[in-house]
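This report refers to the structure that appears directly beneath it.
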Amino acid sequence: MARWLKTSIPATDKAAAEAKVRAAVEGLLADIAARGDAAVREMSVRFDGWDRADYRLTDAEIRDCLSQLSRQDLEDIRFAQEQVRTFAQHQKEALRDLEVETLPGVVLGHRNIPVNSVGCYVPGGKYPLLASAHMSVVTAKVAGVPRIITCAPPYQGRPAPAIVAAQHLAGADVIYCLGGVQAVGAMALGTESIAPVDMLVGPGNAYVAEAKRQLYGRVGIDLFAGPTETLVIADETVDAELCATDLLGQAEHGPTSPAILLTDSEKLARETMAEVERLLGILPTAEIARQAWRDYGEVILCDGLEEMVREADRIASEHVQVMTRDDDHFLRHMTNYGALFLGPRTNVSYGDKVIGTNHTLPTQKAARYTGGLWVGKFLKTVTYQRVLTDEASARIGAVCSRLCMLEGFAGHAEQANIRVRRHGGRNVPYAAAVPPLDGQG
């Protein structure tokens, strides 16, 4: 049975914090819906200390941001975007429009149609997370989305040059320097100056994630991508320094980022906890990582591979770093995760920044029912049907009519009956003359 050598704060404390976020976001979104640009501006000043007449960046401002980056910076951004683009293109090639004759004279099909407009949120309050521009904008471009707008908060009192460069090079049509709930709400609800989009994508803090949750239905969303989560699955084949580094490398995202070690080696577990403390003494981002590890870090000791798989699926983490004697066992048997990083040669940071898989991934156990952002998220798979012959229409219509009457839907049945009469030469009575079944209709 699994046992905890280190636990996180109680679930009740986490639930109370989430309730406060929900209430705050609900009020902010209602204000944006009621007052538009005025509310957005007030929130930007209040939360980011950022005010300007128009939050859309001009071409001159975009060129200025690019000029502040070195040639190597720009080459690295282009390299990362090319990796994301290449993988997304291969994913899109795996999607095919379909048309098939399922019965003589009956043709069914589907098409993959990109959504018309997407709003991409790029986090950047604590760190200028330019990689999120690659993951959202590049992937939407590959899918064929006609209109792509982006929002990112100011960084140190101005547009973050690296984020702006990444948004521009990725192909964003319009770039706004706007952060938080005000950005997500403006893109989804629309204001006097920002036309609403059909879909929101991109990660963010707890407030951004909650705003997306509350806006879902009004617009589409990619998934619930809240504070970063990481799970390290390891055994005695790797050392504590590697495990601790991979835990803290993700804990630095924010004070509510879970970092969990899952192992069948008590020796490795205890050495890793000691190594975490040592690294926290030298890591430049230790202030944030220490709080995340203190409040949300866990160390779980398991009895072998099978229990590790069960616990990992229960946790359903966003990122899962696997470093064991049999990494492929987890690839074969795990079902709940955002992305797997198999073996000590790779790590979550590669996926976050450059290797080509998408880093916008499900959190808060959403990996139980969805994968991460990919080209298919921007495509609507829509169906159509065509009946080519009188005989096919009459054959389908006769069965359809009977099934409709089983449900008590006389009008539905008549849609079928009129075609049976016209195409099958049969004198089918008007469906409304037949009473529906008791309790139906």
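Restricting the range 184-219 to residues that are outside any helix (DSSP H, G or I) and of a type in the set (A, V, I, L, M, F, W, C), the residue that is surrounded by the fewest Cβ atoms within 10 Å (Cβ to Cβ) is Ala195.
Looking across the range 422-433 at every residue that is over 16 Å from Thr389 (Cβ atoms) and surrounded by 14 or more Cβ atoms within 10 Å (Cβ to Cβ), the one that is modelled with the lowest pLDDT is identified as Ala431.
Tell me whether the range 240-247 contains one or more residues that are surrounded by fewer than 19 Cβ atoms within 10 Å (Cβ to Cβ) and of a type in the set (A, V, I, L, M, F, W, C). Looking for residues that are surrounded by fewer than 19 Cβ atoms within 10 Å (Cβ to Cβ) and of a type in the set (A, V, I, L, M, F, W, C), one finds at least one in the range 240-247, hence yes.
List the number of the failed condition for Ala152; all other conditions in (1) aliphatic (A, V, I, L, M); (2) out of contact with any strand residue (DSSP E or B) (no Cβ under 8 Å at 6 or more places or on another chain); (3) under 24 Å from Gly254 (Cβ atoms) hold. So the condition that Ala152 fails would be (2). The set of residues from the range 300-328 being open to solvent by 20 Å² or more (accessible area, probe 1.4 Å), without any contact (Cβ under 8 Å) to a residue 40 or more places away in the chain and either in contact with a helix residue (DSSP H, G or I) (Cβ under 6 Å, 6 or more places away or on another chain) or part of a loop (DSSP other than H, G, I, E, B) (or both) comprises just one member, Asp326. If you check Phe341, Phe378 for being within 30 Å of Leu248 (Cβ to Cβ) and either at pLDDT 95 or above or open to solvent by 70 Å² or more (accessible area, probe 1.4 Å) (or both), only one passes: Phe341. All of Val181, Val145 fail the test of being part of a helix (DSSP H, G or I) and either open to solvent by 10 Å² or more (accessible area, probe 1.4 Å) or modelled with pLDDT of 95 or more (or both), apart from Val181. A single entry from Gly372, Gly356, Gly351 fulfils the requirement of being modelled with pLDDT of 95 or more, open to solvent by less than 40 Å² (accessible area, probe 1.4 Å), part of a helix (DSSP H, G or I) and not β-branched (Val, Ile, Thr): Gly351. Filtering the range 152-185 to residues that are out of contact with any Pro (no Cβ under 7 Å at 6 or more places or on another chain) and either without any contact (Cβ under 8 Å) to a residue 40 or more places away in the chain or of a type in the set (Lys, Arg) (or both) leaves Ala152, Gln156, Arg158, Gly171, Asp173.
A single entry from Thr237, Thr263 fulfils the requirement of being crowded, with 23+ Cβ neighbours inside 10 Å and closer than 23 Å to Val309 by Cβ: Thr263.
The values are calculated or read from the model by the stated rules, or taken from the named source; none is laboratory data. Computed from a prediction, not measured in an experiment: that's the story for all the values here. Positions of Cβ are backbone-derived with ideal geometry, glycine not excepted, and every protein chain shown enters the neighbour counts. Heads up: the accessible areas ignore ligands, DNA and RNA and are worked out on the full protein's heavy atoms, side chains in. Shrake-Rupley method; radii C 1.70, N 1.55, O 1.52, S 1.80 Å.
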